[in-house]
Amino acid sequence: MKHTLLILCIGLASVTTTQAQDSTGARHLLKTYDELLPRFCLDFNLKYGVLANNGTFANMNTPTAYPSIITSLSSAPAIKMSNTTAVGGDFHIGYFFGEKRHWGIGIGLLYSSSQSYNVTMGGPFHVEYKSYDTLLPVRNNVADTFRQLITSHNPVTENVRSSALSIPILAKYKHQFSKEWGFFAEAGPMINIVSTNTTNTNAAFDYEAIYKFTGDGYSVYDNGSVPASNDWLVTQAAYNANHPAPVNADTLNLYFNTIKGRGYNVGLNQSPTNKSQTTHYNPFGIGFLIQAGVSYQLNYRMTANIGGYYNYQTFKNPTAETNGYQITNTIGNYSSLTDAAKQVTAQSYGVTVGLRFFIGAPRDIDADGVPDRSDECPLVFGLAEFNGCPDTDGDGVPDKEDRCPYEKGTKQTAGCPDRDGDGVPDDIDHCPDQPGTWATAGCPDRDGDGVADDDDLCPDVAGLKKFHGCPTDSSQRTSILAAAGESSPMVNYQPSHIELSKSVINFDYKKADISDSDYPTLDEVAEHLKKDQSLIVYISGHTDDVGSYQSNMMLSFARAEMVQKYLVYKGVSKTRVIISGMGKADPIIANDTPENRAKNRRIEMRLLMPISK
């Protein structure tokens, strides 16, 4: 650990050249992406799902529904509601509070409507009750009473379309997992304003009558289970009993129509004149809405949402409870089965899709004119051309990409100065006033063999790196040097016979940090150099093939320089530590797998000794 801390101090400049820049800059100082969004929003959602209805219906087999009903002779089957599909939508305005802006409240309108569904009363339906003959002339302000018989031999079915308008009051939650994706949830009570049912029926009824006349010619109600022998029975059973079989249907209908024409409430297979009706339930029923899903940020102002919803509503009809319910009482008259409902529970669940629009001025913490949502450096005043990031030295390279943010440079040199214009930044250019190449760390290379002239034992003859710039072994190299009349700092050196326990050190991806396990190797090299002052060490840095030529040259040189700095710290003269950066030019194995690339991320060390005279 002490070695690590030491190298961080003495090699800070080199390390920073190799560390990846964080593309989000200061954004990590923000706690959540939700903080970047305005507090107010408008939500528009569409819904499609299943509608399940369930109702509590008034009993028609009671005196409240039909006066003086003869219950022993009457029957009213249960009324049932079927399921269907539901469509609708909601609109509400919301406000998110708190520092993180996760939680909020909202209020708006929700409209829901159904596809057609059925409300059915199973058959047969039959009722016998006391009725007043309002169709006949009233005598002495007293209407005749009689027994009315109403029968439906088949189930009564209504086709219904319903709609409702409610006010939802919602607790809102949102959480952005990233700049684009997030989660939303909403839940709260709803207050129903309007509930409407539009119905259409197939109903048909038989209307029959039993009249019991008194001596003065008035009719009274006969509620006996068996009519009196002198009663006038306008019924199918009485007609069939008085006419031989088979009974002709036309004759039967003619009989009833004739009596109906005289003002009596009788007739067979009579359909309502009001088959289509609209009914309303009382407002201010209470329900609740739950919806949740995922969101995608389309832009700073708009989010697209998709998820699921559950909607529960209750509707009350006190009239059915108080006054009872008559499905029909006179020919042509009909009251919708939905009017029989004392309470209806509607549950809807399905898919919701929508848009959320954020309202308000864009949040801009650093007041640089770039909204935080688009600002890559939201806590630092910057320039719009760099997406809100600063360029302190004004060289056209934003600070987050600038290796030398306080010195003017060029884009080619990652924002650092380059006095000799060779494309190698001055801070890693070993010859900052002489144009050179990346392969030779910015120093001249007359023969173009990739070995800098100062380190090239044969600077005017292209050679091999393993022979320090010469084309062959040491004996031929000596003759070439003698003929050329040249000299070099390494001209009198050749490979040493000392065997190092380890001559290669590997590095992590895009890093120049020396691992703790490699310091013993470097300590060994330092001991050899201090023990024998005639030795020098040549260190070459290398990378894998990931990245640009320029970045790899810089990284390879930084790795070699980091080792040099450590050896100097251990007491070795810098002039005895020769370094170079080779980039990706000299792999020891093909860069075809992650494992092989890791082997190529390295430095190599060679101890050199003087050539024997």
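Once neighbouring chains are kept in place and the probe is 1.4 Å, which whole percent of the accessible area of segment 511-552 is contributed by carbon and sulfur? Walk me through the numbers before you get to the answer.
Details: 920 of 1710 Å².
Looking at segment 511-552 in its full context, I get 54 percent from C and S.
Find the centroid of the Cα atoms in segment 531-576 and in segment 583-613, then give the distance between the two in whole Å.
Answer, in whole Å: 12.
Using a Förster distance of 45 Å, how high is the FRET efficiency between Val353 and Tyr406, based on the Cβ-Cβ distance and rounded to 0.05? The partial results should precede the final answer.
On the way: r = 51 Å, r/R0 = 1.14.
That gives a FRET efficiency of 0.30.
Mean projection of the alpha-carbon convex hull of segment 113-195 over all orientations, in nm²? Write down the numbers at each step before the final one.
On the way: hull surface 45.5 nm².
With the hull built on Cα positions only, its mean projection is 11.4 nm².
Would you rank Arg161, Arg301, Arg403 by solvent-accessible area, highest first, keeping every protein chain in place and using a 1.4 Å probe?
Values: Arg161 120, Arg301 90, Arg403 50 Å².
Solvent-accessible surface, decreasing: Arg161, Arg301, Arg403.
In nm², what is the average projected area of the convex hull enclosing the Cα atoms of segment 525-613?
Details: hull surface 26.7 nm².
Its Cα hull, projected and averaged over all orientations, spans 6.7 nm².
When ligands, DNA and RNA are left out and all protein chains stay put, how many square angstrom of accessible area per residue does segment 482-613 have with a 1.4 Å probe? Working shown, then result.
Numbers: 6180 Å² over 132 residues.
On a per-residue basis, segment 482-613 sits at 47 Å².
Tell me, what is the percent relative contact order of the chain, built from C-alpha pairs under 8 Å that lie six or more residues apart? Mind dumping the intermediate values first?
Working: 1468 pairs, mean separation 76.7, N = 613.
Relative contact order comes out at 13 percent.
If each of Phe177 and Ala228 carries a label point 7 Å out from its Cα toward its Cβ, how far apart are those two points in nm?
Going from the Phe177 label point to the Ala228 one covers 8.4 nm.
Report the full-extension gain for the segment Glu595 to Val546: residue separation times 0.36 nm, less the Cα-Cα distance, to one decimal in nm.
Full-extension gain reported as 16.3 nm.
Got a number for the accessible area of Lys80? Probe 1.4 Å, square angstrom, nearest 10.
140
I'd like the accessible area for Ile69: 1.4 Å probe, protein heavy atoms, all chains in place, Å² to the nearest 10.
20
For segment 497-611, what is the percent of antiparallel DSSP beta bridges, rounded to the nearest 5?
On the way: 10 of 15 bridges.
Expressed as a percentage, antiparallel bridges in segment 497-611 total about 65.
May I ask you to list the aspartates and glutamates whose Cα is less than 19 Å away from that of Lys511, ignoring any residue fewer than eight positions away on the same chain?
Result set, ordered by chain and number: Asp22, Glu401, Asp402, Asp427, Asp544, Asp545, Glu561, Asp586, Glu595, Glu604.
If R0 is 45 Å, what FRET efficiency do you get for Ala185 and Asn274 from their C-beta distance, rounded to 0.05?
0.50
So what is the calculated 222 nm ellipticity per residue for the chain, using -39500 (n - 2.57) for each DSSP H run with n of 4 or more, over all residues, to the nearest 500 deg cm²/dmol?
Details: 9 runs with 92 residues, N = 613.
Value at 222 nm, helices only: -4500 deg cm²/dmol.
Given the Cα-Cα distance of Thr120 and Tyr509 and 0.36 nm per residue of separation, how much length would full extension add, in nm? If you can, show how the numbers build up before the last one.
Working: separation 389, 0.36 × 389 = 140.04 nm, distance 7.41 nm.
Contour length minus Cα-Cα distance gives 132.6 nm.
Could you give me the percent of Cα pairs per 10 Å distance bin for segment 323-471, shortest bin first, beginning at zero and ending with the bin that holds the maximum distance?
Computed distribution, short to long bins: 11, 18, 13, 12, 10, 8, 7, 6, 5, 5, 4, 2, 0.
Where does the longest stretch of the chain lie that holds no GluC sites (Glu not before Pro) found in a DSSP loop with 15 or fewer other Cβ atoms within 10 Å?
Value returned for the longest uninterrupted segment is 181-498.
Which of Met605, Asn282, Ser116 sits farthest toward the positive end of the charge dipole of the chain, with +1 on the Cβ of Lys and Arg and -1 on the Cβ of Asp and Glu?
About the Cα centre, the residue reaching furthest to the positive side is Asn282.
Using only the alpha-carbon atoms of the chain, report the extent along each of the three principal axes, biggest first, to the nearest angstrom.
Here the spans come out as 161, 52, 39 Å, largest first.
In segment 262-395, carbon and sulfur make up what percent of the accessible area (probe 1.4 Å)?
Working: 3340 of 5860 Å².
Accessible surface attributable to carbon and sulfur in segment 262-395 totals 57 percent.
I need two numbers for segment 198-247: Rg to one decimal and Dmax as a whole number, Cα atoms only, in Å.
Using the Cα atoms of segment 198-247, the pair Rg, Dmax is 15.4, 49 Å.
Name the residue from Ala341, Val370, Leu165 whose Cα lies farthest towards the positive end of the charge dipole of the chain, charges +1 on Cβ of Lys and Arg and -1 on Cβ of Asp and Glu.
So the residue furthest toward the plus end is Ala341.
Give the peptides 305-314, 582-591 in descending order of average Cβ contacts within 10 Å, highest first.
Values: 305-314: 18.6, 582-591: 17.1.
So the order, starting with the most tightly packed, is 305-314, 582-591.
Angle check, please: helix 549-569 long axis (alpha carbons) against the longest principal axis of the chain (alpha carbons), in degrees 0 to 90, nearest 10.
60
For the pair Asn59 and Ser501, how long in nm is the line joining their label points, each one 7 Å along Cα→Cβ?
10.0
Computing the accessible area with a 1.4 Å probe over protein heavy atoms, can you report the carbon and sulfur percentage for segment 29-137? Mind showing how you got there, number by number?
Values: 3130 of 5040 Å².
Within segment 29-137, the accessible surface is 62 percent carbon and sulfur.
Averaged per residue, what accessible area in Å² does segment 52-155 show with a 1.4 Å probe, protein chains only? Each step should come with its number before you reach the end.
Working: 4900 Å² over 104 residues.
Per-residue accessible area for segment 52-155 comes out at 47 Å².
Could you list, in their original order, any pairs among Lys465/Lys584; Lys530/Lys565; Lys408/Lys510; Lys80/Lys130; Lys100/Lys179; Lys80/Lys316 whose Cα atoms are separated by more than 21 Å?
Lys408/Lys510; Lys80/Lys130
To the nearest 10 square angstrom, how much accessible area does Arg597 have with a 1.4 angstrom probe?
Here the residue's solvent-accessible area equals roughly 70 Å².
Efficiency by 1/(1 + (r/R0)^6): what FRET value for Phe288 and Val247, r their Cβ-Cβ distance, R0 = 51 Å, to the nearest 0.05? Please list the in-between numbers first.
Numbers: r = 59 Å, r/R0 = 1.15.
Plugging the Cβ-Cβ distance into 1/(1 + (r/R0)^6) gives 0.30.
Using 0.36 nm times the number of residues separating Trp103 and Ser68, minus their current alpha carbon distance, what extension gain do you get? Provide the component values of the computation, followed by the final result.
Numbers: separation 35, 0.36 × 35 = 12.60 nm, distance 6.02 nm.
Difference between extended and current length: 6.6 nm.
The values are calculated or read from the model by the stated rules, or taken from the named source; none is laboratory data. Owing to the predicted nature of the structure, the values given are computational and were not obtained by experimental measurement. Positions of Cβ are backbone-derived with ideal geometry, glycine not excepted, and every protein chain shown enters the neighbour counts. Quick note on the areas: whole protein, heavy atoms, side chains included, nothing else; ligands and nucleic acids left out. Shrake-Rupley method; radii C 1.70, N 1.55, O 1.52, S 1.80 Å.
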